[in-house]
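Engineer: Sharing a structure, written as C-alpha cells. Questions coming.
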Amino acid sequence: MSFIEILEKTKFFWEEYGFSTWQWQELGGVYRRVTFKKDSLMGEIARYYADDYVVFTHNGLSSAQKILSQWKPIPDVMTQRVLMVVNDPLHGHQKILHKSFLFGFRGWIDVSFYCPEGDDVHRKFSDLAVLVRNAFKIYNKVTSQVEGGNVQ
C-alpha cells in the first residue's frame, strides 16, 4: 500500500471536504483553504484564511525543515497547517514544529507528523487526523471489495 494509491482511491472523499490534490517539490498530498469571516450588524468587518495541507509523500523531518525554512507568509492567510502522514507510529510524539511570520502578525505555520495506525495527534491537528483516519478506512473498504470481486 502506497500513499499515492491511497490518495488516488480516496480522491472523491477529499474533494467532499474541499481538498484538491497538491504538489510542491518532493511533497505531495491534498490542500484546502478555509475562509473565516467576522460579521457585525453593519456587515463584514474582517476576513482571513487558513490553509490546510495533508502531505502523503515527503522525506520526513528534512521535508518539515524545508517547509519551515522556505515557506513565506501569504497575504490574508493567518495560519498554515501541514500534517505529514507517516507509516510508523511515533509512539505519542506530538511535537509540533512552529514558525511565526513577523511575531505572528503576518501569520504562522505549524507542521506535525501523524500515523493513522496508532498515533495520538496534537489537538491543533485533530480535525485533519480524523479525515486521514476516515480516508484510510475508505481505502481499506474499497480495496477489500475489489479483491473480493464485489466491484467491477
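Engineer: State which residue is nearest to the chain's Cα centre (by Cα) when the search covers only the stretch 37-61 and only residues that are over 26 Å from Arg106 (Cα atoms) and polar (S, T, N, Q).
Structural biologist: So, considering only residues that are over 26 Å from Arg106 (Cα atoms) and polar (S, T, N, Q), the one nearest to the chain's Cα centre (by Cα) is Thr57.
Engineer: Moving on to the next point. Take the residues in the stretch 1-36 that are under 23 Å from Tyr48 (Cα atoms) and loosely packed, with under 12 Cβ neighbours inside 10 Å, then tell me which one is nearest to the chain's Cα centre (by Cα).
Structural biologist: Ser20
Engineer: Residue under question is Lys38, and the condition is that it be charged (D, E, K, R) and touching a strand residue (DSSP E or B) at 6+ places or on another chain (Cβ under 8 Å); does it hold? Please lay out each step first, then the result.
Structural biologist: Values: charged (D, E, K, R): yes; touching a strand residue (DSSP E or B) at 6+ places or on another chain (Cβ under 8 Å): yes.
So Lys38 fits the description; yes.
Engineer: Oh, and also: Within the stretch 32-80, can you find the residues that are part of a loop (DSSP other than H, G, I, E, B) and more than 26 Å from Lys9 (Cβ to Cβ)? First the steps, then the outcome.
Structural biologist: As a first pass, look at the stretch 32-80 and keep what is part of a loop (DSSP other than H, G, I, E, B): 41-42, 58-60, 71-76.
Those that are part of a loop (DSSP other than H, G, I, E, B) and more than 26 Å from Lys9 (Cβ to Cβ): Leu41, Met42, Trp71, Lys72, Pro73, Ile74, Pro75, Asp76.
Engineer: Continuing with this model, one more query. Going through the stretch 44-64 one residue at a time, which ones are open to solvent by less than 30 Å² (accessible area, probe 1.4 Å) and either out of contact with any Leu (no Cβ under 6 Å at 6 or more places or on another chain) or not hydrophobic (A, V, I, L, M, F, W, C) (or both)?
Structural biologist: The answer is Ala50, Asp51, Asp52, Tyr53, Gly60, Ser63.
The values are calculated or read from the model by the stated rules, or taken from the named source; none is laboratory data. Because the structure is a prediction, the values reported are computed rather than measured. Methodologically, a virtual Cβ is constructed for each residue, glycine included, from the backbone with ideal geometry; neighbour enumeration extends over all protein chains shown. With ligands, DNA and RNA removed, areas are computed over all heavy atoms of the protein, side chains included. Shrake-Rupley method; radii C 1.70, N 1.55, O 1.52, S 1.80 Å.
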